[in-house]
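Okay, so here's the structure we're looking at.
Derivation of every value follows stated rules applied to the coordinates shown; laboratory data play no part. Computed from a prediction, not measured in an experiment: that's the story for all the values here. Reconstructed Cβ throughout: ideal geometry from the backbone, glycine too, with neighbour counts over all protein chains shown.
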Amino acid sequence: MTRLSYQDVERRLKHGGLRAGITRDDLATPALLLDLDAFEYNVAKMAAHCRDYGMALRPHAKTHKCPQIADKLIDAGASGICAAKVSEAEVFAGHGVHGILVTTPLVGRFRIERGIALASRSADTIFVVDDAGNLRDLNDAAAVAGIELNVAVELHVGRKAGIAPGEPALALAQMIDSLPHVKFAGLQAYAGHASHVNGYHARRQASELAMQPAIATKALLEKCGIDCPMLSGGSTGTYNIDCTFDGLTELQPGSYIFMDIDYSSIGGQNGPVFGDFRNALSVLCTVVSKPVRNMALLDAGYKGFSTDRPFVPAAKNDLGLTYEWAGDEHGRLYFSSEQVQTGDRIEFLVPHCDPTVNLYDRIYCCRGESLEDIWQISARGMCQ
């Protein structure tokens, strides 16, 4: 078979109708790959799980930063998406995605300006707040723009932002009710630390400890006459735990669509491996040098994989290969036989999916060996 040139491949990749016949072997490396069969399995499983428990699903887009993926998730039944920052939310809203919950407070003049502009275009956007002064700033900015801003109170239930549950949260919700240009949308209680606790039973205890004050706060608000339509929280590691808590109304997991080595290591309900979802994300690498018999150099290092976890990339399908960091551009691969040669192409599972995705401009969607689609990571780098 005649191989395509690099220019031919790039031309075909940029024009959807010409992609027929391209396989993963035609892609320049490092390349971020998505196994569509595994991805679709993961999407369907989480959507069905939430339906079975009568729980809304608002997946976190910080994982994928890709409007095409957001559309797939909403088509499968999600009520919208979460976005970590207002700049990230702007990208998704610009691609027609609705039902956005911005999970970080809009603190500072520029963030507030951007949030107001976003809400003016996408009126159903929800923002979080945990500070009375910031709430007044949001109300004043909304007044100038002539809009009403949807605002949720963020509760401190873990190791990140939020106001204390109970009376402090009640006071802030009452303040929202008293101001004319903000509307109370509910509560956010994200306990991300619980999601990575090793062992199912220990993880359940950690999530219960974190979420019970949030559930009690929702009950307190309603007892005091404040309707609380949303209590949003949960994540991939606790998806099958938090759904059993009365009072939680929606889950906001993200990594389940891709999975990574970190999540695989936390332990499942019935064993030491968390295998509820399939590994759909990988990085395709090329062996660029083999200086000695049992060691080779790959073309992906710190710039090809995230480095914020105590794990290294692992060869997909357990090929008996050991990866070691070798700098910004390269990885070192060790093996015990002659099975690896210069020019070989090897797929690796990633240590942490979210920041790995943020290293790439596009994700190549494969069905078996064939390339089926290319999705742009349009919100890459949007961290403001």
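A few comments on the model shown:
- In a fully extended conformation the segment linking E338 and N294 would gain 15.1 nm over its present Cα-Cα distance, using 0.36 nm per residue.
- Among the GluC sites (Glu not before Pro) within the stretch 276-384, those in coil by DSSP and having at most 14 neighbouring Cβ atoms inside 10 Å are E338, E369.
- Using 0.36 nm per residue and subtracting the Cα-Cα separation, the extra length available between R136 and Q384 on full extension is 87.2 nm.
- Using C-alpha pairs under 8 Å with a sequence gap of at least 6, the mean separation divided by the residue count of the stretch 103-195 gives a relative contact order of 28 percent.
- Cut-off under 5 Å, modelled amide H: who pairs with K290 long-range: L297
- Whole-Å semi-axes of the stretch 130-179's equivalent ellipsoid (Cα gyration tensor): 22, 11, 8
- Under 5 Å, built H, 5+ apart or other chain: amide partners of A185: V151, A152, V153
- The stretch 303-344 and the stretch 24-96 have their alpha-carbon centroids 27 Å apart.
- Selected from K62, K303, K218 as most flexible by GNM, with the chain as the system and alpha-carbon contacts under 10 Å: K303
- Efficiency of FRET from Cβ geometry, R11 and D328, R₀ 41 Å, rounded to 0.05: 0.90
- Whole-number Å³ per residue for the convex hull built on Cα positions in the chain: 143 Å³
- Distant alpha-carbon pairs in the stretch 1-113 (separation over 26 angstrom), percent: 39 percent
- Value of [θ]222 nm, deg cm²/dmol, for the chain, DSSP H segments ≥ 4, -39500 (n - 2.57) each, nearest 500: -9500 deg cm²/dmol
- Percentage of interatomic Cα-Cα distances in the stretch 37-259 larger than 31 Å: 16 percent
- Here's how it looks for E347: its modeled amide H is under 5 Å from those of C285, K316, which are all 5 or more places away or on a different chain.
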